[in-house]
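Step one of this worksheet: look at the structure below.
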Amino acid sequence: MPGTLFIVATPIGNLKDVTFRAIEILKSVDLIACEDTRHTKKLLAHYGVNTPTTSYFEHNKVKKGEYLVRLLKEGRQIALVSDSGTPGISDPGYNIINLAIKNEIPVTVIPGPCAFVSALVASGLPTDSFVFHGFLSNKKAKRRRQLKGLEHEKRTIIFYESPHRILKTLTDILDILGDREIVIARELTKVFEETVRSSVSVVLEHFIKHPPRGEFILLIRGSPPC
Ligand code: SAM
């Protein structure tokens, strides 16, 4: 009998945002595959989880993914966690989940926090229909092409962004999508949590004066119907 790959959601900042079931599973499996073992050990120590950990991240995802699937085939139970939120959303989780499914390994999700879902519901922008784009490319030409492809998108558009790229991204958004309504969700569930609702030009001006810090999600109102 193969083991199960448990996809376990963990907090996006506040250590209390974890489910009872997530802790139960983390305690019961044979191995926890973490994006960054040092980062996840803070959560494990907080909840008294002593399960062995191993790293599974962007630069070892192919070889390590194959190794973990071999262990699953031998019957080991493995939990997959990422640095924050739900594994598989804008992190290497997708690769091992896909590989496990191809190898007919049972995959079970232990639901919990996901940064863009929290940001979307608090944004006030339409939630009935939206496009989650993850990270835009860090290459200017590709990023601009990606934005051009969203120019006529009517649904709420959601991006993840890092603080050192946000100015370039906002500049391209202003240029290509225009001066739309934008919501910036920063440091959700953490001490300096804030949600700013404004226009792209105002937010850009603000961040030019006050260098952005922390983790960000950008949510943009879709284009109005013609
Ligand atoms: N798997 C995660 C999830 O379920 O949301 C996302 C991982 S992705 C590598 C990390 C990005 O998520 C950050 O760059 C940021 O855009 C967003 N993010 C994660 N935690 C956040 C937080 N507390 N506040 C705002 N954005 C956050």
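The values are calculated or read from the model by the stated rules, or taken from the named source; none is laboratory data. All values reported here derive from a predicted model rather than from experimental measurement. In this analysis, Cβ positions are derived from the backbone assuming ideal geometry, glycine residues included, and neighbour counts consider all displayed protein chains. Just the protein is used for accessible areas: all its heavy atoms, side chains included, with ligands, DNA and RNA removed. Shrake-Rupley method; radii C 1.70, N 1.55, O 1.52, S 1.80 Å.
What the table shows:
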item: Single match in Arg186, Arg143, Arg180 (criterion: charged (D, E, K, R), touching a residue at least 24 places away in the same chain (Cβ under 8 Å), in contact with a Lys or Arg (Cβ under 9 Å, 6 or more places away or on another chain) and more than 26 Å from Asp91 (Cβ to Cβ)); result: Arg180
item: Filtered residues of segment 77-90 (kept if closer than 21 Å to Pro52 by Cβ, open to solvent by less than 50 Å² (accessible area, probe 1.4 Å) and under 12 Å from the mean Cα position of the chain (by Cα)); result: Val81, Ser82, Pro87
item: Residues satisfying the stated conditions in segment 200-226, i.e. more than 16 Å from the ligand (Cβ to nearest atom) and closer than 27 Å to Pro11 by Cβ; result: His210, Pro211
item: Residue list for segment 137-160, restricted to those being out of contact with any Pro (no Cβ under 9 Å at 6 or more places or on another chain) and in a strand (DSSP E or B); result: Ile157, Ile158, Phe159, Tyr160
item: Qualifying residues in segment 87-99 (those that are touching a helix residue (DSSP H, G or I) at 6+ places or on another chain (Cβ under 6 Å) and part of a helix (DSSP H, G or I)) - the one farthest from the ligand (Cβ to nearest atom); result: Leu99
item: Test result for Lys168, more than 20 Å from the chain's Cα centre (by Cα) and more than 16 Å from the ligand (Cβ to nearest atom); result: no
item: Subset of segment 1-28 (residues that are free of Cβ contacts under 8 Å to residues at least 24 places away in the same chain and either within 18 Å of Phe116 (Cα to Cα) or within 16 Å of the ligand (Cβ to nearest atom) (or both)); result: Lys16
item: Number of positions in segment 12-40 that are surrounded by fewer than 20 Cβ atoms within 10 Å (Cβ to Cβ) and in contact with a strand residue (DSSP E or B) (Cβ under 8 Å, 6 or more places away or on another chain); result: 6
item: Selected residue (criterion: most open to solvent (accessible area, probe 1.4 Å)) from residues of segment 41-62 that are within 19 Å of Ile23 (Cα to Cα) and charged (D, E, K, R); result: Lys42
item: Single residue of Leu170, Leu174 found to be open to solvent by 30 Å² or more (accessible area, probe 1.4 Å) and either part of a helix (DSSP H, G or I) or of a type in the set (Phe, Trp, Tyr) (or both); result: Leu174
item: Search result, residues across segment 197-226 that are open to solvent by less than 50 Å² (accessible area, probe 1.4 Å) and either basic (Lys, Arg) or in a strand (DSSP E or B) (or both); result: Ser198, Ser199, Phe216, Ile217, Leu218, Leu219, Ile220
item: Among the residues listed as Glu104, Glu74, the single one being at positive phi and of a type in the set (Asp, Glu); result: Glu104
item: Phe130, sole failed condition from (1) open to solvent by less than 30 Å² (accessible area, probe 1.4 Å); (2) in contact (Cβ under 8 Å) with a residue 12 or more places away in the chain; result: (1)
item: Among residues of segment 102-117, those that are farther than 30 Å from Pro2 by Cβ and either open to solvent by less than 50 Å² (accessible area, probe 1.4 Å) or in a strand (DSSP E or B) (or both), counted; result: 2
item: Out of Leu71, Leu99, sole residue that is crowded, with 16+ Cβ neighbours inside 10 Å, touching a residue at least 60 places away in the same chain (Cβ under 8 Å) and of a type outside the set (Val, Ile, Thr); result: Leu71
